Amino acid sequence: IAAGVLIMASPIMLLATLAIRRTSPGPIFFRQPRAGRNRIPFLMYKFRTMYAGANDDKELFRKFNALPTGPCFKMKNDPRVTRVGRWLRRSSIDELPQLLNVLLGDMALVGPRPLPLDEVRAETPEQRLRFSVKPGLTCLWQVSGRTDIPYEEWLALDVWYVLNRSLSLDLQIL
């Protein structure tokens with residue numbers, strides 16, 4: 001499925017590549033170590049949606065975190081996001097390179113979203129449970145509201161998914 005979608009999405013990915021290249025200096029892809037199954041790190045790929053080096057400025061913006069109660073950093077109207085990056089994020093086109101991660105076996109199409117290594121928490125059974133399966137390109141949290149959902153509910157959705165996952169649930173989420 002991932003290979004087929006990658007082939008079908010290649011014209012869109014080419015347009016995204018050209019738009020990033022023409023409007024923002026820096027690499028086309030953003031690569032970041034993420035926590036996979038059993039918290040084993042892997043390199044996740046996305047189209048770059050922020051100015052080059054923006055991840056180095058993350059701590060400067062920590063006080064604007066839309067999810068202040070959890071370990072995750074999400075920011076609405078992030079000033080580090082480029083004009084093209086906003087469009088790529090809104091349409092989720094920035095996630096298409098993760099199909100390569102699916103092909104490489106690091107990710108599944110559906111599963112808890114992979115966290116950056118500095119956001120991994122595994123102190124509670126619930127937090128540990130989310131790492132018992134491969135992370136996914138999409139998940140229940142993502143299709144239920146993204147940053148409008150507080151971290152505790154996000155974690156609960158991930159736990160519910162892990163405990164109830166099935167092919168029919170994956171198809172519904174997709």
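The values are calculated or read from the model by the stated rules, or taken from the named source; none is laboratory data. Since the structure is predicted, the reported quantities are computational estimates derived from the model, not experimental observations. Glycine gets a Cβ as well: all are built from the backbone with ideal geometry, and neighbour counts include every protein chain shown. The accessibility values were calculated without ligands, DNA or RNA, using every heavy atom of the protein model including side chains. Shrake-Rupley method; radii C 1.70, N 1.55, O 1.52, S 1.80 Å.
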Study note, to complete from the structure: Under the helix-only model (-39500 (n - 2.57) for each DSSP H run of 4 or more, divided by the residues of the chain), the mean residue ellipticity at 222 nm, to 500 deg cm²/dmol, is -11500 deg cm²/dmol
Review point. When only C-alpha pairs under 8 Å and at least 6 residues apart count, what is the relative contact order of the stretch 113-173, in percent?
Key: 39 percent
Practice item. Counting only C-alpha contacts under 8 Å and six or more residues apart, can you give the relative contact order of the chain as a whole percent? Key: 24 percent
**Study point:** FRET E, pair residue 167, residue 117, Förster distance 22 Å, beta-carbon r, rounded to 0.05
**Key:** 0.15
Point to revise | Solvent-accessible area per residue for the chain (1.4 angstrom probe, square angstrom) | key: 54 Å²
Check your understanding: Roughly how many percent of the accessible protein surface of the stretch 88-174 is carbon and sulfur, given a 1.4 Å probe and a whole-percent answer?
Key -> 57 percent
Practice item. Would you check the accessible area of residue 44, probe 1.4 Å, heavy atoms only, in square angstrom rounded to 10? Key: 0 Å²
Check your understanding: Considering the dipole of the stretch 1-156 built from charges on the beta carbon (Lys and Arg +1, Asp and Glu -1) around the Cα centre, which of 55, 108, 11 is farthest to its positive end?
Key -> 11
Practice item. Would you mind telling me which residue in 150, 114, 125 has the biggest mean-square fluctuation in a Gaussian network model of the chain, where springs connect alpha carbons within a distance under 10 angstrom? Key: 125
Review point. How much of residue 126 can a 1.4 Å solvent probe reach, expressed as accessible area in Å² and rounded to 10?
Key: 90 Å²
